[in-house]
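**Q** Next up is a structure, given as C-alpha cells.
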Amino acid sequence: MNVTVIDYKAGNLTSVVKALRHLGAEVTVTDRPAPLATAERIILPGVGHFAATKRLDETGLTPAIREAIASGIPFLGICVGMQWLYAGSTESPSQPGLGVLPETIERFPDGHEKVPHVGWNQLHPTGDSRLLAGILNGEFAYFTHSWRAPMTPATVATTEYIQPFAAAVELGNVYGTQFHPEKSGETGLKILKNFLELVG
Amino acid sequence: MLTRRIIACLDVRDGRVVKGIQFVDIIDAGDPAELAHRHAQLGADEIVLLDITATHEGRGTLLETVRRTAKSLFVPFTVGGGIRTADDAAAVFDAGADKVSINSAALANPGLIEDIGASFGAQAVIVAIDARRNKEAADPVREAHVYTHGGRRDTGRSVVEWAIEAESRGAGEILLTSMDSDGMRNGFDCELTAAVSESVRIPVIASGGAGTVAHFAEVFGRGKADAALAASIFHFGVSSARALKEELNQLHILVRLPC
C-alpha cells in the first residue's frame, strides 16, 4: 500500500504519517508536483487556516492534484484539506479552493455554543461509502475546526454541532474528512485503512 | 453531540513518569509511552505529557520520550513543560505531539502564542494558566490572579483577562489549574472555571482538585468546563477513564462511550 502525503507547510504531518505507517503503508511525503502523477493514492492533510492552501497554487501543486484526480487516483483531504475541495471558504475569501465541490465553507454561526468545535463527536453515515465502510452510526471522531461544509449529495457522514454539517464527503475518487482520522482512535484507523485499500 | 473530554495527564521527569497513575495491575510511575497507551486503551480521550525536567540533558530525553509515546498513539497528544520558543515547539511537534501547552513562557512573551499558531495552527496551542483566588479582592473569583513557580509567585495578572488575551492572540484552548484546589481532592474550582469558560469562546480544560466522579460532574455542569484533566483520580478508586466515563454517563454527562 503506497500513499503520497502532500506537505504544504500547513501544520505538522507527523501524526498522519505515523498512522499510515502503523497501518503498513509505504508513505512518501512530497512538496513537489511531479511525484503526484505516479502516486497510487494521495492525502492532503491540513490544520490551521484556509489561507495556507495558497501555497498549493504557488508551488504548482494545484494543477498536479487536478490532473491526479482526473486520472482516477484516490485522493483524501483531511480537515482544511477537505475544505479546500470546495469552491472556497469565508475564512479566506480571496483564496479559491479546488472547486471539485461547488459549495462554500462557512463559519459556524455565533450563538450559545463555543466556536471552535473541539473534541469527540459522533459520525452519522448517510449511505453507501467506500471510505466509511464498516463505520457504524454513532462512532466517535476527533474534530477541531471553526469552519464547516454544508450537507450536500456528496456528504457521506454528518455530525451535529449547532447544526448538522458534512463530516465526510465522497465524490468519485475524491474523499474528505472534516475530522482527524489519525487522531480518532480505532474508528479513524479503520477509515484510513479503507482509504489505503482503494485502488485507482 | 459533542462530548466532554477526559484527559489523562502524565508528569514526566528525565523520561520517567513521576507522579502517575496507579492501576491495580500496573506498578506506579513508569514508562510514559507504556502508560500513555494504557490510558488510551482504557478510554482516555486525550493524553497530556507534562515535562518537569529541570536539566538540559533531560530536555533531550523529552523529545525521545515524545517520539516513543506518539509512535502508536492515535488520540490527541499534548506536550507541555519547558517550551520557551517557537523552535522548542517545532521540535516537539516534529517528535509527534499534536498540541503544545505553554505557561510561563507565554506570560513572559505573549507573542509566542501567535508564533506557534502561525506555523502549526491555533488548535495546536494550549495556554496553561495556574490560578489562585484573590482573597483580598471584592470578587475573589473574577479577580483571581495568575501564578507561576508552582503557585508560589503572584504575577499580579487577572486570570480572566489573561485568558481573554490568550484567546485573542490565537490560543486554541485554555488549561486552567486551580492552585487552591490542586492536590486537595475537594473538587475543582467550579466558580473560577465557569468565570473563565464564560469569558472565552475557546475550550477550557479544568485541572486541580478532582477526588471523586461527582467532582467531574460538577465541573462539567456548574463549572462549564469543556474537558477535565484527570491524574490523581486514578489513585482514589476510579480505575480508568472508561470507568470514570461510565459513571459520568449515569449522571447524564455526555462522554465518548463506548471507548
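Read-outs: derived from the displayed coordinates by stated rules, not from any lab. Please read all numbers here as calculations on a predicted model, not as lab measurements. Backbone-built Cβ (ideal geometry, glycine too); neighbour counts: all protein chains shown.
**Q** Using Cα pairs closer than 8 Å and at least 6 residues apart in sequence, work out the relative contact order for chain B, in percent.
**A** Details: 569 pairs, mean separation 48.0, N = 259.
The value is 19 percent.
**Q** Given the DSSP H assignment, sum -39500 (n - 2.57) over each helix run of at least 4 residues in chain B and divide by its residue total; what's the result at 222 nm in deg cm²/dmol, nearest 500? The partial results should precede the final answer.
**A** Working: 9 runs with 86 residues, N = 259.
Calculated mean residue ellipticity at 222 nm is -9500 deg cm²/dmol.
**Q** Oh, and also: Largest first and in whole Å, what are the equivalent-ellipsoid semi-axes of segment B:5-250 based on the Cα gyration tensor, each being the root of 5 times an eigenvalue? Show your work: numbers first, answer last.
**A** Numbers: eigenvalues 126, 107, 49 Å².
That gives 25, 23, 16 Å for the three semi-axes.
**Q** In whole Å, largest first, what are the principal axis extents of the Cα atoms in chain A?
**A** 47, 38, 29
**Q** Also, quick follow-up: Kirkwood hydrodynamic radius for segment A:90-141: how many Å is it when counted over pairs of different Cα atoms?
**A** On the way: mean 1/r = 0.0700 Å⁻¹.
The Cα-based Kirkwood calculation yields 14.3 Å.
**Q** Restricting to DSSP H runs of at least four residues, report the calculated mean residue ellipticity at 222 nm for chain A, -39500 (n - 2.57) per run over all residues, nearest 500 deg cm²/dmol. Present the calculation step by step, with values, prior to reporting the outcome.
**A** Numbers: 5 runs with 40 residues, N = 200.
The helix contribution divided over chain A gives -5500 deg cm²/dmol.
**Q** Measuring from the lowest to the highest alpha carbon on each principal axis, how far does segment A:1-107 reach, largest first, in angstroms?
**A** 38, 27, 21
**Q** For segment A:116-164, count the residues as N, evaluate 2.2 N^0.38 Å, and divide the Cα radius of gyration by that value, please.
**A** Numbers: Rg = 10.8 Å, N = 49, 2.2 N^0.38 = 9.7 Å.
In units of the globular-protein estimate, segment A:116-164 measures up at 1.12.
**Q** Please compute the volume of the convex hull spanned by the alpha-carbon atoms of the protein assembly as shown and report it per residue in Å³.
**A** Hull volume normalised by residue count: 134 Å³.
**Q** On a straight-distance basis, which lysines could pair with A:LYS9 in a cross-link, Cα separation under 25 angstrom, same-chain partners fewer than 8 positions away excluded?
**A** Answer for A:LYS9, where 25 Å is the Cα cut-off: A:LYS18, A:LYS54, A:LYS183, A:LYS193, B:LYS71, B:LYS99, listed by chain and number.
**Q** Right, here's the next one. Give the relative contact order (percent, whole number) for chain A; include only Cα pairs under 8 Å separated by 6+ residues. Working shown, then result.
**A** Numbers: 450 pairs, mean separation 40.2, N = 200.
Worked out over chain A, it gives 20 percent.
**Q** Further, regarding this structure: Hey, could you get me the Stokes-Einstein D for segment A:116-200, Kirkwood radius over alpha-carbon pairs, 25 °C and 0.890 mPa s, rounded to whole µm² s⁻¹?
**A** Details: Rh = 12.7 Å.
Rounded to a whole number, D works out at 194 µm²/s.
**Q** To continue, here is another question. Fewest to most neighbouring Cβ within 10 Å: what's the order for B:ILE7, B:ILE102? Can you show the working numbers first?
**A** Working: B:ILE7 23, B:ILE102 26.
So the residues, fewest neighbours to most, are B:ILE7, B:ILE102.
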